[in-house]
1. Please find, among R35, R105, the residue that is charged (D, E, K, R), part of a helix (DSSP H, G or I) and under 17 Å from P123 (Cα atoms).
2. Among residues belonging to the range 1-32 that are more than 18 Å from R80 (Cα to Cα) and assigned to a strand (DSSP E or B), point out the one that is least open to solvent (accessible area, probe 1.4 Å).
3. Checking the structure you have, find out if any residue of the range 57-75 is at pLDDT below 95, open to solvent by less than 30 Å² (accessible area, probe 1.4 Å) and either out of contact with any Asp or Glu (no Cβ under 7 Å at 6 or more places or on another chain) or under 21 Å from A121 (Cβ atoms) (or both).
4. Would you check which residues across the range 33-45 are surrounded by fewer than 15 Cβ atoms within 10 Å (Cβ to Cβ) and aliphatic (A, V, I, L, M) and list them?
5. List every residue pair whose Cβ atoms sit under 9 Å apart, with the two residues 6 or more apart in sequence or on different chains, where the first one lies in the range 115-126 and is closer than 17 Å to R104 by Cβ and open to solvent by less than 60 Å² (accessible area, probe 1.4 Å) and the second, anywhere, is in a loop (DSSP other than H, G, I, E, B) and at pLDDT below 85.
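The values are calculated or read from the model by the stated rules, or taken from the named source; none is laboratory data. Note that the structure is predicted; figures quoted are calculated from it, not measured. Cβ coordinates were reconstructed from backbone atoms using ideal geometry, including for glycine residues, and neighbour counts include every protein chain displayed. Accessible surface is based on the protein model in full, side chains and every heavy atom, while ligands, DNA and RNA are left aside. Shrake-Rupley method; radii C 1.70, N 1.55, O 1.52, S 1.80 Å.
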Amino acid sequence: MVVAFNVTDQENGEWAVLRVSGELDLVTSPVLRQRVHDVVAEGRHQLVLDLSEVWFCDSSGVGVLIASRRLLRSCQGRLRLILPARGAADGSHVNKVLGALGVRRLFEIHPDVPSAVDEDARPLSA
């Protein structure tokens, strides 16, 4: 069974939003890494990664998330992640992996795009 990995791009005010779906693993992580680099190269430094449709994430996927955070911080940008509102209770694999590795606290986590692009919204607690 082949599971489609897809990254779609949209603008939401000053934020670039990349919606990621499928598996984020050794094979697909370089695709996301390149898309993040493309966004930054275009001069967009406010990025939301919507991971609510990612059902598997391995260490290479986590590596891309951490590298993306580092890249955006280096250019005074911001990175926000979207995971299901109830996180691990909803079975979010990404949420579980980030929590297990102790890196979830590095990210601003939001439940949906409107929250992520709202300057007044509070991120979900770690």
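1. When all the criteria are applied, what remains is R105.
2. This residue is G22.
3. Yes: the range 57-75 contains one or more residues that are at pLDDT below 95, open to solvent by less than 30 Å² (accessible area, probe 1.4 Å) and either out of contact with any Asp or Glu (no Cβ under 7 Å at 6 or more places or on another chain) or under 21 Å from A121 (Cβ atoms) (or both).
4. A41, the sole residue that qualifies.
5. Close Cβ pairs (under 9 Å, with a partner that is in a loop (DSSP other than H, G, I, E, B) and at pLDDT below 85) amount to S115/A85; S115/A121; S115/R122; S115/P123; S115/L124; A116/P123; L124/A85.
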